[in-house]
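The structure appears below as structure tokens.
The values are calculated or read from the model by the stated rules, or taken from the named source; none is laboratory data. In this text, all values refer to a predicted model and were calculated from it rather than measured experimentally. Note: ideal-geometry Cβ built from the backbone for every residue, glycine included; neighbour counts use all protein chains shown. Ligands, DNA and RNA are stripped out before the accessible areas are found, and what is left, the full protein with its side chains, is counted by its heavy atoms. Shrake-Rupley method; radii C 1.70, N 1.55, O 1.52, S 1.80 Å.
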Amino acid sequence: MDENIILRPHKKSHSFLNLDKNENLNTNLKYAKYPDMVYFYEQFEKILGHKIFFTEGVGGAIKNIFEVLQPSTVNYDFNDYALFPIYEKMYCNEKGPNIKFIIHPVENIEKCVKEYDYVIIDDAYRYFSPRDWDECLELKNVTICRSFSKAYGLAGLRIGYVTGQLTEVLRQYRGAYEANTLSLEHALHALRNKSEMLEYVNSCKKTLDILLKDMSFEYDGFSNSIYSSKIEAYDELIKTKIMVKKFTKRLRITLAPYEIMKPCIDILSKH
């Protein structure tokens, strides 16, 4: 290999004629060019106000962290993310650091920072959670994982980012491209039009206020889901092509504007 070749040149090429990447240069093909990561990092960081590293949502961020740090021990709530035990089997190394994953706002993060080498905050439910985790970025060893899935409604594009201590560490282990142009463009548009997302979140919170007047509903206080004890309604919901998450003693139902949830609410009200 030519030692003078720069494998990952950090230069903007958004407005260039790129004859250096062996791309299809048909200008009529919108996504013929490889993603200009430098351009997108500049645009996102200008809006967000801090350094980031793009990931495949929060789930991708967690996997990246396991791959890079190869922790010796990991502390987490088993109900938070189903892939934690799998990643432990795949990546844990007895010589690695210890990591604490946090999702619930009630956690004493200051105490966690003293006890663990790295504290990772899963902030997938940002805007639904009552706590703004940004205040924790000044603390030692804190990294925040964020997603465009829950509030922004871009779950199908699998786009998110990390910010905080591990941002630069993860950048050292970049693959060819952290994200694709389609995901980045839509996420950037959503970020620039944040008011649309906030309007949706407020509609969900209005629905929540209505549902909490019914004693059969419970709310965990930080996510975009509500729980119902009317588990006997599950079969009827499925027959009506309404999918909810069934547990042993309760149903988990994703919050949405009232007009979307009304068919589900009507069925639950009969039980």
Next on the checklist: Just to verify a result, which residue in segment 160-180, among those that are more than 23 Å from Y118 (Cα to Cα) and of a type outside the set (G, A, S), is farthest from the chain's Cα centre (by Cα)?
Outcome noted: Y177
Item to check | helices (runs of 4 or more DSSP H) within segment 19-110 that include 2 or more residues under 27 Å from F247 (Cβ atoms) | outcome: 57-69, 84-91
Next on the checklist: Please go through (1) over 26 Å from G153 (Cα atoms); (2) among the charged types (D, E, K, R); (3) loosely packed, with under 15 Cβ neighbours inside 10 Å for K262 and return the number of the only condition it doesn't satisfy.
Outcome noted: (1)
Next on the checklist: Any residue at all in segment 215-222 that's closer than 23 Å to S149 by Cα, out of contact with any strand residue (DSSP E or B) (no Cβ under 8 Å at 6 or more places or on another chain) and at pLDDT below 95?
Outcome noted: yes
Checklist entry - Which number in (1) touching a Leu at 6+ places or on another chain (Cβ under 8 Å); (2) in contact (Cβ under 8 Å) with a residue 40 or more places away in the chain; (3) over 25 Å from L208 (Cβ atoms) marks the one condition that V113 misses? => result (2)
Checklist entry - Among S129, S72, which is the only one that is farther than 21 Å from L48 by Cβ and among the small types (G, A, S)? => result S72
Item to check | Those residues of segment 39-55 which are under 18 Å from S149 (Cα atoms) and among the hydrophobic types (A, V, I, L, M, F, W, C), in sequence order | outcome: F44, L48, I52, F53, F54
Next on the checklist: Given the condition under 26 Å from I102 (Cβ atoms), open to solvent by 70 Å² or more (accessible area, probe 1.4 Å) and of a type in the set (K, R), answer yes or no: does some residue in segment 212-223 qualify?
Outcome noted: no
Checklist entry - Do we have any residue at all in segment 132-153 that's open to solvent by 80 Å² or more (accessible area, probe 1.4 Å), assigned to a helix (DSSP H, G or I), in contact (Cβ under 8 Å) with a residue 60 or more places away in the chain and not hydrophobic (A, V, I, L, M, F, W, C)? => result no
Next on the checklist: Among the listed residues S183, S195, S147, identify the single one that is over 16 Å from the mean Cα position of the chain (by Cα) and modelled with pLDDT of 95 or more.
Outcome noted: S195
Checklist outcome for this item: Flagged pairs (Cβ under 6 angstrom, 6 or more apart or on separate chains; first in segment 172-196, more than 13 Å from G160 (Cα to Cα) and open to solvent by 20 Å² or more (accessible area, probe 1.4 Å); second among the β-branched types (V, I, T) and part of a helix (DSSP H, G or I)) are Y173/V68
Next on the checklist: Quick check on segment 29-42. Is at least one of its residues touching a residue at least 60 places away in the same chain (Cβ under 8 Å), buried (at least 16 other Cβ atoms within 10 Å of the Cβ), out of contact with any Cys (no Cβ under 7 Å at 6 or more places or on another chain) and at positive phi?
Outcome noted: no
Checklist entry - Within segment 73-116, can you find the residues that are open to solvent by 70 Å² or more (accessible area, probe 1.4 Å) and in contact with a strand residue (DSSP E or B) (Cβ under 8 Å, 6 or more places away or on another chain)? => result T73, E115
